[in-house]
Amino acid sequence: MTRMSSTPRVYLRYIFAMTKWTLLLLLFVKPAWADWHFIGKTSDFGMYADPASIQRQGALVKMWAMGDYKDTQSVRLPQPLLWTNYLSVKELKEFDCNNGLHRTVRTAIFAGRQAKGEPIYSFDTGAVLVKVANAPLDIAQFKFACEGGAR
């Protein structure tokens, strides 16, 4: 009578152990993608914010916001890109919650909806803090960020 090698059993034990660890990791690891929360819209634009991205340092709060356009937008970019079309934009915003100020720190534009895929173009704005405009989407972003993502 020939005896089976222990190699297949060791291999099966290894596969089982790796599967178990993978399942455990999937249960406890937070996904890398943003959890966008709808905060407002206009007739041609939807605004979303990622509450997990909120970082507070005293009265200053940073948060990622994303805008999704109903129709294709066009913008002229520096060479070699020149004119390009896009459907969504993602911005790192900074808010001064005590003084009602805000600025855009970083902007990225995307060809697809919901800021999916790699950005077509991104840039730092270098903008200074200015008064939050009395416009529904600007107010919605400010409240969402300064109230800690509560809706």
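The values are calculated or read from the model by the stated rules, or taken from the named source; none is laboratory data. Because the structure is predicted, anything quoted here is derived from the model rather than measured. So basically every Cβ, Gly included, is an ideal-geometry build from the backbone, and we count neighbours across all protein chains shown.
Here Val75 fulfils each of the conditions (1) at pLDDT 95 or above; (2) farther than 18 Å from Tyr48 by Cα; (3) part of a strand (DSSP E or B) apart from (1). Does Ala127 count as small (Gly, Ala, Ser), in contact with a Phe, Trp or Tyr (Cβ under 9 Å, 6 or more places away or on another chain) and either at pLDDT 95 or above or more than 19 Å from Trp36 (Cα to Cα) (or both)? So Ala127 fails the test.
Within the stretch 102-120, being surrounded by 17 or more Cβ atoms within 10 Å (Cβ to Cβ), among the aliphatic types (A, V, I, L, M) and part of a strand (DSSP E or B) holds for Ala108, Ile109. Residues in the stretch 78-90 that are touching a residue at least 12 places away in the same chain (Cβ under 8 Å) and not in a strand (DSSP E or B): Leu81 alone.
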